[in-house]
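First comes the structure, then the notes that go with it.
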Amino acid sequence: MSKAKAEAKAQDARLASAADLEALRQRLIQDQDPDRPEIIVCHGTGCLANGSPEVAEALKKAIKASGLDAKVVPGIKATGCHGFCSRGPLVVVRPQGLFYQRVQASDVDEIVQTTLVEGQAVERLLYKDPVSKEAITLEQDIPFYKHQKRVVLRNIGKVDPTDINDTIARGGYLALAKALFAMTPEQVVAEVEKSGLRGRGGAGFPTGRKWKSALAAIKKKGRPVYVVVNGDEGDPGAFMDRTIMEGDPHAVLEGLILGAYALGAHQGFLYVRAEYPVAIKHLTIAMEQARALGLLGENILGSGFSFDVQVNRGAGAFVCGESTALFTSIEGRAGEPKPKYVRSVEEGLWGRPTVLNNVETWANVPQIIENGSEWFAGLGAPNSTGTKVFSLVGKVNNVGLVEVPMGIPLKEIVETLGGGVPGGEPFKAVQTGGPSGGCLPYSLKDTPVDFDSLTKAGSMMGSGGMIVMDRRDCVVDIARYFLRFLEEESCGKCIPCRLGIQRMREMCDGFSRGEGSEADIAELKSLARAIQDGSLCALGGSSPNPVLTTLQYFEDEYLAHIRDHKCPAGVCKALITYSIDRDKCTGCMACARACPQKCISGQKKKPHAIDAARCIRCGICMESCKFQAVQVQ
Amino acid sequence: MKPANIDLDEIIEHYPGRPDYLIFLLQDIQAAFNYISPEALQLVCDHTGVPLSQAYAVSTFYQSFSLEPKGEHEIKVCLGTACHLKGAPRLVEELERRLGVSPGGTTDDLKYSLETVNCLGACALAPVMVVDEKYQPSVTTKKLDKVLGELQQD
Amino acid sequence: MVSFKINGQAVQAEPGWTVLETARHHGIHIPTLCYHEAVEASGACRLCVVEVKQGDWSKIVISCMYPVAEGIEILTESERVKNVRRWILEMLLAECPGSKDIRELAAQYGVNSTRFTPHHPDEQCILCGLCVRVCKEVVGVNAISTVGRGVHKKIGSPYMEPSEACVACGSCVTVCPTGAMRARIDAVRGEPKVQLAPQAK
């Protein structure tokens, strides 16, 4: 095709009005045959690593070889993350909704024969309820999904994120059309404000109020104004934003365009961390496809409104999730925060009024516009409306992403959806809010998970990471972990953060070796207050939270370290010893082979022993033992 | 190994000569050459009008940039919270012992670079490491044998 | 004019002034390290913290950048302020044990020893960044910058080698509050082109 022709064709594809969009949507729906089988293969980061591309490839081949009738040849659809990452690779067979877990390429012949040809479920690939041990056939009946309320994640796992038509068929960009042709920009802002939506990235600032302040600033300072997506999801243990960007990039894009329309912005930025290559790829494809259809760029849907956006990749700095550091990074400099005595809605990117919201926040906006603020405000808790996506990780049976109405009790998330701790014991603590958050003990299991209740308990919502810990996890170790993390990620500009986090970590290192006294704990608390008060930005200001909450709820465990020189969880190396239970040891020699110190001795089929003097307490013996014969005290 | 036939000028000309494209340029150069040479950094400064001292500040601030050549194989161990709880520190120590380098280091024969990263957002795979951009889920010391063995044969 | 209170004393400021400017104008002392009239404030050292109160609401801010506002109350010696100052000085004593200026400043605020072990016994630099700002904003040559980040951050020229951009003007030495730049300038400018004058004091 000649260049001119190609351009002419691209021109043809542009939708010139809301009616064009609706016509395209109707056409796409008609083209779909609801009875045609479709095999969905999850291609989220988790399933990809566990081999989902090989599964999809094998399925294609097996179907071709099976000689199925043309009418039943299913389409194979690669989708974004289904959220149930601990069970991947996941395969769902539609229209029935059969749910297969941990599928390998070697399983596909059986799936084709049993399910596609004979119409039966492959029993051994079904999910089994960990309590009742019963096999569950359908996706929607699995407790992990059944108790969710999917608003932000509604398209994820259902659409192919690299095909805009899939999203349009499911109602994508309808909210944009509604706003452009039936609402004034002020009405869009008002709708978002009435919905009660609060920022999903950290402190939970009301989104509508932020937009309103931006409008006021624009009145004073004029335009340009910028809209920015904070996709620098840095909290360890949080991956909901990655999943949204990978699995439903158009929701983020549509939200951003709506914000741009509301504020009169013509340029936007998507700041995405470099560790998320698939998210960057899917967003880039989404932008290209939206531009080709006239949903982004000049004269969107023929409305006269123009807006475009570019992707900025992060370069490996946690602090760039902080608004002023993020702006500095987009401007091309080292991401050091600036004091925020003037808010970024007034002076943000290049000193201009700027609205920065997190990925999940933007992705909520289209549905608020489409379904109305009342619908949204009816979800969740009074002061924390809507739903929230959480990533459940750590010592929990069902690792993955869940979306629930705000305000449900902590234990419901961990136990009902997460299936509790492996082995059935109660959880010891749940860390929420990442390095800025805190550790909630089991005794607070009934705490409603909303912005205000978590803050009251000394933690915070943060981006929604939930790290479940059991009795084998040590709180002193967790405090040291977060301090080390923040020490490495501190930009180093202000003294309380640069030096203070390091010194807090050194004090906790001392505790983990059994050094220190109760007076040192008091000093640590005093230093923590100085860091909270004195730090330049929220990274430093909230850095003491993991220490302070573990001290608040688990002081006994700290005292066990410094007073009794014991680590009850068996984690802190200076205070533990490994030994082998003679009754359980079968003499298989796996530990002796794995030991890097070669300090485990014993004859084949006879109990082994560890030479404590030479042991470096690396724990490899324990990991390699299949008989739980290695103990730690 | 990255192909050596990538043209530095081509990367540089791809972006307008403005300071806000500094990070874009450094990222592309890092991706193409595995590090940013002094010559490349100077060319980027000439193109964007950023003083060398500031470009140097930026390239030492962000973790993705390296001013020294990296090893042929890059091993990144995730130190996210879930990975920490499931034994990532043990993995790092074991890799340090086997490769004889600390995180951030490259072996003398330029074969391996060992890095740690703060959460890849792949917590269901914990502990996870990425070897030459391929995710290795649920890594144990035993699995390490296999992965390193495969690299050795390359 | 903007009217407010510092430590109970009624003060007036021009609109656009900071709390620090107002305090100095009225002879109220607030300690600083990274502040200098010649360059833009950066808010790095945090030594100039004050507590700002407005009704029931109160928070800690840095006086070198906090804009004055009608009716606020500033406390320069509240418990919270003193706690931040104490820990900053105690950490600085361990961070740059080589600096006489820091020892004297800390002693003025009653901090005579530190519970922390120094990492580098000869270090004098507190990374306030005044040298970098003066080189950029006043001299305009950008010979030096911060290098690295977090606890590994340093001040230096590219590749820690003598800089072609350096004009050996010595402005960085002049603004340095701890004497660190005096020891470091030869690494930036290469062969000493001009002898530094003896330290004025």
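The values are calculated or read from the model by the stated rules, or taken from the named source; none is laboratory data. Note that the coordinates shown come from a computational prediction; the quantities given were computed from them, not determined experimentally. Virtual Cβ from ideal backbone geometry, glycine too; neighbours counted across all protein chains shown. Quick note on the areas: whole protein, heavy atoms, side chains included, nothing else; ligands and nucleic acids left out. Shrake-Rupley method; radii C 1.70, N 1.55, O 1.52, S 1.80 Å.
Temperature 37 °C, viscosity 0.692 mPa s: under these conditions the Stokes-Einstein estimate for chain A, based on its Kirkwood radius over C-alpha pairs, is 123 µm² per second. For region A:132-193, the Cα-based Rg and Dmax, in that order, read 17.3, 55 Å. With all projection directions averaged, the alpha carbon convex hull of chain C covers 12.6 nm². Taking other residues whose beta carbon is less than 15 angstrom from the beta carbon of A:Asp564, and scoring Lys, Arg as +1 and Asp, Glu as -1, yields -2. Split the accessible area of chain A by element, probe 1.4 Å, and carbon with sulfur accounts for 50%. When the pairs A:Lys340/C:Lys153; B:Lys86/C:Lys59; A:Lys493/C:Lys82; A:Lys149/A:Lys456; A:Lys388/A:Lys456 are compared against a 28 Å limit on Cα-Cα distance, B:Lys86/C:Lys59 fall above it.
Only the Cβ atoms of Lys and Arg (+1) and of Asp and Glu (-1) were treated as charged; on that basis the dipole of chain A about its Cα centre amounts to roughly 980 debye. Candidate cross-link partners of A:Lys220 among the lysines, defined by an alpha-carbon separation under 17 Å and a same-chain spacing of 8 or more, comprise A:Lys210, A:Lys212.
Helices that extend 18 Å or more along their long axis by alpha-carbon positions and average at least -1.0 on the Kyte-Doolittle scale are, among the DSSP H runs of chain A, A:18-31, A:52-66, A:207-221, A:249-263, A:277-292, A:359-371, A:475-489, A:495-512, A:518-534, A:545-564.
Each Lys and Arg Cβ is given +1 and each Asp and Glu Cβ -1; about its Cα centre, region C:130-189 then shows a dipole of about 240 debye. Only one residue of C:Thr178, C:Thr18, C:Leu33 has its Cα farthest out toward the positive end of the dipole of chain C, where Lys and Arg carry +1 and Asp and Glu -1 on Cβ, and that residue is C:Thr178. Per-residue shielding of B:69-82, expressed as the average number of other chain Cβ atoms within 10 Å of the residue Cβ, stands at 3. Computed from Cα atoms, the angle from the helix C:180-189 axis to the main principal axis of chain C rounds to 40 degrees. Evaluating 6.51 cos²θ - 1.76 cosθ + 1.60 at θ = phi - 60° for every residue in region A:405-415, the Karplus couplings come out as x, 4, x, 6, x, 3, 5, 5, 5, 6, 8 Hz, glycine and proline recorded as x.
For B:Leu120, the residues whose amide H sits under 5 Å from its own are B:Gly80, ignoring neighbours fewer than 5 places away on the same chain, with H placed 1.01 Å from N.
Each residue, A:Arg223 and A:Lys128, gets one label point 7 Å from its Cα in the Cβ direction; the gap between the two is 6.1 nm. Summarising the strand pairing of the protein assembly as shown, around 65 percent of its internal DSSP beta bridges are antiparallel. Across chain B, C-alpha contacts under 8 Å between residues 6 or more apart give a mean separation that, scaled by the residue count, equals a relative contact order of 19 percent. For A:Ser526, neighbours were defined as the other residues whose beta-carbon sits under 14 Å from its Cβ, and their charges (Lys and Arg +1, Asp and Glu -1) total +2. Straight Cα distances below 18 angstrom link A:Lys61 to the lysines A:Lys71, A:Lys77, with same-chain residues fewer than 8 positions distant left out.
Panel note: the C-alpha atoms of region A:577-632, placed on their principal axes, show extents of 24, 19, 16 Å (largest first). With a Förster radius of 25 Å applied to the C-beta separation of B:Glu93 and C:Val151, the computed FRET efficiency comes to 0.70. Can you check what the net charge comes to around C:Ile72, using other residues whose Cβ is under 12 Å from the Cβ of C:Ile72 (Lys, Arg +1; Asp, Glu -1)? Net charge in that neighbourhood comes out at 0.
Projecting the Cα positions of B:Pro16, A:Gly97, A:Tyr341 onto the charge dipole of the protein assembly as shown (unit charges on Cβ atoms of Lys, Arg, Asp and Glu, taken about the Cα centre) puts A:Tyr341 furthest along the positive direction. Our note on the geometry: Cα centres of region B:36-83 and region A:341-402, 33 Å apart.
Per-residue shielding of A:482-488, expressed as the average number of other chain Cβ atoms within 10 Å of the residue Cβ, stands at 3. Once backbone amide H atoms are built at 1.01 Å from N, A:Asn312 has A:Leu270, A:Tyr271, A:Val272 as its partners under 5 Å, excluding neighbours fewer than 5 places away on the same chain.
Only aspartates and glutamates eight or more places from B:Lys134 in sequence, or on another chain, were considered; those with a Cα closer than 17 Å are A:Glu54, A:Glu275, B:Glu72, B:Glu74, B:Glu115, B:Asp145, B:Glu150, B:Asp154. Averaging Cα coordinates gives a centre for region A:110-134 and one for region A:202-257; these two points are 42 Å apart. Note on region A:337-405: with charges restricted to the Cβ of Lys and Arg (+1) and Asp and Glu (-1), its dipole about the Cα centre is near 380 debye.
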